[in-house]
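One structure is given below, encoded as structure tokens.
The values are calculated or read from the model by the stated rules, or taken from the named source; none is laboratory data. Since the structure is predicted, the reported quantities are computational estimates derived from the model, not experimental observations. Virtual Cβ from ideal backbone geometry, glycine too; neighbours counted across all protein chains shown.
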Amino acid sequence: MLSVVTLAVLAAAWSWWWQWSLLWFVSVLVAILSLTIYDTIETTNSLFLTNAYATMKATECCALSEHLKYPKYVLRTTVALRSLCGLTAALAICITWSSRQDFSTGHYQTVSGSWVGVCLLWLVSCIPRIVSLLQCAAVSDQPIIIQYRKTISMWIIHDVFLGFFWLYLAVMLYDLSDDNNDSEWRTIFLSMISWHIIIIVLQEIYMKRQATGGTCCGPGNIQVWWRFFLLVAFVGMYTAIVSRMQDNKLTLLGMDTGYYVLFCGCTCLAYVCKSHIQTTVPIVRPTKRRNNGQQMGELLSF
């Protein structure tokens, strides 16, 4: 699915540069659906999440709801809500295409309302993980649960703030529709891009396991280098996007050829890096504690 996502993004970039609106909408639609499937597969098959939820114990909740009591519901509810959110976003793309003429004449309510619904559903999909932090993960001190707290906290901060950014952008779509000055919408969008970059950098610095010993370019550091070039790729892609956002009239397609080449090159680099990055490491299930106090298992570093 990662290949499908990459091809869809490249097609969207080409259609924007070539000013082919139909292909751009189709490419974005394919990208959304493939990203939804990719995220579902990654989340469902995550050894870290599976072992973390298996380690957690049921915790009584004042809401008297089974879904808030048992950790086994967190994973399946999150996947279901995220999948529904992806399908809703795909529907919003179709609505945007069908209402493009009305939007260009200042009738933005249908398009804006569809994307507001997507953003609200995205924020709702964050609730199961938030509840898991406040409930089951709060009553255990096992190493994998401590790692779960740090990891999920970072994910929640990223997802919740990103959701509010997109919600504001969805509400403010009239800024693109009814006047010739879309500076406010562009400012919020650029702020969202900056926030995403900051979170990615913090995640790489504080949440990833660093290699121990050896030289800078030794075999043990290959994963570090893949992650470094992945960051470089994201920065290059966002540089191209930011440069296009500096131009007025965002409803018109077209971009500078140099930035188009930069975006496509960085997209391909990101695909290569993501394909080689190890997203999971072996997790040893709890065993009897050794006399030397060795830890009970390895934790996942996402």
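Quick look at the numbers
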item	result
Hey, Thr59 modelled with pLDDT of 85 or more and not aliphatic (A, V, I, L, M) or not	no
Residue check for Thr251: at pLDDT 65 or above and not in a helix (DSSP H, G or I)	yes
Where a residue in region 222-251 is within 30 Å of Phe103 (Cα to Cα) and its partner, wherever it lies, is assigned to a helix (DSSP H, G or I) and modelled with pLDDT under 80, with Cβ under 7 Å and at least six apart	Leu250/Leu176; Thr251/Ser104; Thr251/Leu176
The one condition in (1) farther than 25 Å from Thr251 by Cβ; (2) in the same structural domain as Ala137 (by TED's automatic domain parsing); (3) charged (D, E, K, R) that Arg100 fails to fulfil	(1)
Which listed residue is surrounded by 17 or more Cβ atoms within 10 Å (Cβ to Cβ), of a type outside the set (Asp, Glu), under 30 Å from Leu22 (Cβ atoms) and in contact (Cβ under 8 Å) with a residue 12 or more places away in the chain, from Cys94, Cys126, Cys85	Cys85
Condition check for Ser177: surrounded by 16 or more Cβ atoms within 10 Å (Cβ to Cβ), within 28 Å of Tyr238 (Cβ to Cβ) and at pLDDT 90 or above	no
Qualifying position, being β-branched (Val, Ile, Thr) and exposed (fewer than 15 other Cβ atoms within 10 Å of the Cβ), among Thr105, Thr151	Thr105
